[in-house]
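Asker: Take this structure, written in structure tokens, and hold onto it; I'll ask about it next.
The values are calculated or read from the model by the stated rules, or taken from the named source; none is laboratory data. Predicted model, so just to flag it, every value in this text is computed and none were measured. No Cβ is skipped: glycine too gets one built from the backbone with ideal geometry, and neighbour counts run over all protein chains shown. The area values use the complete protein model at the heavy-atom level, side chains included, leaving out ligands, DNA and RNA. Shrake-Rupley method; radii C 1.70, N 1.55, O 1.52, S 1.80 Å.
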Amino acid sequence: MDVLLKRCAINLAPFQLDQLWAYHLLLRRHDGELNLTRIRNFENMVLKLYADAILPALHTTLPSPLLDLGSGPGMPGIPLKILRPDLHILLSDSRQNRCAFLKTAVSELGLPGIEVVERGIAPDYDRPVAGVITRAVEPMDDTLARVAGCLVEGGMVIFMKGPRCDAEIETAARTHATAYELAEDVPYRIPHTPHRRRLVVYRRKIEPIRVVNALQLMHKHRITVIESEANARFKSLKKLLGGRGVKKQRRTLVCGARLAAEAMARSPERCLAWISAGDRHVPPGDAPDNLEWLQLAPELFQVLDTFGTKHPIVLFDIPSPGHWRSEESLRSGCSLLVPFQDPENVGTVVRSAVAFDVDRIILLAESANPFHPKAIRASAGTVFSARLFRGPALAEIPPGLPVIALAASGQPLAQTRFPQSFLLLTGMEGPGLPSRWQTQTVAIPMAPGVESLNAAVATAIALYEWRRR
């Protein structure tokens, strides 16, 4: 190996040769299982893989930290790290099996200052890097767009290309003239071989998207940084994880990328704050100007991100449901009485009620808050469009109303005639129905030995049967 490398003007110290040999053995050991390379002849591996990965360091200055884009089995990143221990290198790949191999290689080779980024790189990747190097085959203009969120101003994109890439350079010049300039174009060969290479280097002329967006948003949104769990604002947000806090503050936390986007699109005037871990996830460009940006320390954000979405959370001003008056005439169809105390059951039954076009969803006094974060998530966001009303306690529902009550025993659901207008009632989790309703119950047939269905599931089945007819 040493002889072949020296023919390429690559001189490694003994300990570096040991590291490269250990890497070679790892590559050979795992290649059969993971298909890491199509080159298996020893001399070709040394020249076309290891020497080819190292040669860019002899033709241009390598910045640090350096992102190896689409690293695959670790090239050029690992051989470059062996040559240049001073470089901080990020190995990125979207394939899980390749990332597992990279972690194994980094660990067994004992290489400090090298990390594995387990994802594909797109403009939303905003960890600052001073350079990007890639052997990828995608067009150069696509790669320049891909790294626009992480490459700092003055940073370099180093392309390891074949000799015929003039058309790609022309395209990049047309599409990225504002953001990049061609800094170097170096043709070379792998010495003592016919293999021609070309090193094309671009310099970024403007700030990365992350910085540009942040500067713009500083003028658009009021920014509040929260770094201590003793902060009064953080304590207030933490209380919104429970129903009591939601009820008292009349605000809630909308978690998850899709739900947050839907809340922003449906009711932008009710979106009060964009809560993120630090400043890396900026509010969307169409966010309302009055939206406050709360930048939490990562450990504080994790406390609020109970679902582990890792996406910013929207602080939402919840609407007030109307008040249901039992003395008013019922509208045609089904009105649903909800006494559930579990917020996830409330969210699930709201989702079913919206799906089956229930006229009114009447939240009884016993009901959990439909805007509890767990209820919002279980409802898949349908709480924001549901026709919600506040009702009395279960015991205070006046007699004489056309109520169909669900219970474990009673008239089979298939034999039940639904009135033109009626109220559907399912018992609370655990206690079930009060005795006053037991004389007019409807049951869903179940297999022997099953005591009862989940309350929200039973309600969904009854609503489906009603809507089917």
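Asker: Considering region 14-41 alone, what residues qualify as being hydrophobic (A, V, I, L, M, F, W, C), modelled with pLDDT of 90 or more and within 35 Å of the chain's Cα centre (by Cα)?
Answerer: Residues satisfying the conditions are LEU26, LEU27.
Asker: Scanning for something open to solvent by 30 Å² or more (accessible area, probe 1.4 Å), among the small types (Gly, Ala, Ser) and within 30 Å of the chain's Cα centre (by Cα), does region 353-362 turn up at least one residue?
Answerer: Among the residues of region 353-362, at least one is open to solvent by 30 Å² or more (accessible area, probe 1.4 Å), among the small types (Gly, Ala, Ser) and within 30 Å of the chain's Cα centre (by Cα), which makes the answer yes.
Asker: Mind checking which residues of region 444-469 are modelled with pLDDT under 85 and within 23 Å of SER332 (Cα to Cα)?
Answerer: ARG469
Asker: Restricting to region 234-253, and then to whatever is part of a helix (DSSP H, G or I), in contact (Cβ under 8 Å) with a residue 60 or more places away in the chain and open to solvent by less than 80 Å² (accessible area, probe 1.4 Å), can you tell me which residue is farthest from ILE318 (Cα to Cα)?
Answerer: Ranking the candidates gives PHE234 first.
Asker: If I filter region 410-417 for residues that are in contact (Cβ under 8 Å) with a residue 60 or more places away in the chain, polar (S, T, N, Q), on the phi < 0 side of the Ramachandran plot and part of a helix (DSSP H, G or I), do I get at least one hit?
Answerer: The answer is no; no qualifying residue exists.
Asker: Here are PHE340, PHE371: which of them is in contact with a strand residue (DSSP E or B) (Cβ under 8 Å, 6 or more places away or on another chain), buried (at least 16 other Cβ atoms within 10 Å of the Cβ) and closer than 24 Å to ILE313 by Cβ?
Answerer: PHE371
Asker: For SER435, indicate whether it is open to solvent by 60 Å² or more (accessible area, probe 1.4 Å) and within 27 Å of GLU327 (Cα to Cα).
Answerer: Answer is yes for this residue.
Asker: Of all residues in region 438-469 being of a type in the set (Ser, Thr, Tyr) and closer than 21 Å to ASP357 by Cβ, which is surrounded by the most Cβ atoms within 10 Å (Cβ to Cβ)?
Answerer: THR459
Asker: What number of residues in region 82-124 are open to solvent by 50 Å² or more (accessible area, probe 1.4 Å) and part of a helix (DSSP H, G or I)?
Answerer: Number of matching residues: 6.
Asker: Of the residues in region 350-389, how many are on the phi < 0 side of the Ramachandran plot, touching a Lys or Arg at 6+ places or on another chain (Cβ under 6 Å), assigned to a loop (DSSP other than H, G, I, E, B) and not aromatic (Phe, Trp, Tyr)?
Answerer: 4
Asker: Which ones in region 261-286 are in contact with a Pro (Cβ under 8 Å, 6 or more places away or on another chain), part of a helix (DSSP H, G or I) and either open to solvent by 40 Å² or more (accessible area, probe 1.4 Å) or within 23 Å of ARG127 (Cα to Cα) (or both)?
Answerer: Passing the criteria: ALA261, PRO268, GLU269, ARG270.
Asker: Sticking with this one: Can you find a residue that is among the hydrophobic types (A, V, I, L, M, F, W, C), modelled with pLDDT of 90 or more and closer than 27 Å to ALA386 by Cα anywhere in region 221-240?
Answerer: Within region 221-240, one or more residues are among the hydrophobic types (A, V, I, L, M, F, W, C), modelled with pLDDT of 90 or more and closer than 27 Å to ALA386 by Cα.
Asker: Please state which one of VAL152, VAL186 is surrounded by 15 or more Cβ atoms within 10 Å (Cβ to Cβ), out of contact with any Lys or Arg (no Cβ under 6 Å at 6 or more places or on another chain), at pLDDT 90 or above and not acidic (Asp, Glu).
Answerer: Within the list VAL152, VAL186, the selection yields VAL152.
Asker: Please go through region 125-141 and give me each residue that is out of contact with any Gly (no Cβ under 9 Å at 6 or more places or on another chain) and not in a loop (DSSP other than H, G, I, E, B), ordered by number.
Answerer: MET140, ASP141
Asker: In addition: Out of all the residues in region 378-403, which are under 8 Å from GLY347 (Cβ atoms) and in contact with an Asp or Glu (Cβ under 8 Å, 6 or more places away or on another chain)?
Answerer: Result: ALA378, single match.
Asker: Quick test for you: out of LEU453, LEU425, pick the one residue that is assigned to a strand (DSSP E or B) and touching a helix residue (DSSP H, G or I) at 6+ places or on another chain (Cβ under 8 Å).
Answerer: Going through LEU453, LEU425 in turn, just one is assigned to a strand (DSSP E or B) and touching a helix residue (DSSP H, G or I) at 6+ places or on another chain (Cβ under 8 Å): LEU425.
Asker: Determine which member of the set ASP52, ASP68, ASP31 is over 25 Å from VAL132 (Cα atoms) and either among the acidic types (Asp, Glu) or open to solvent by less than 40 Å² (accessible area, probe 1.4 Å) (or both).
Answerer: Matching residue, one of ASP52, ASP68, ASP31: ASP31.
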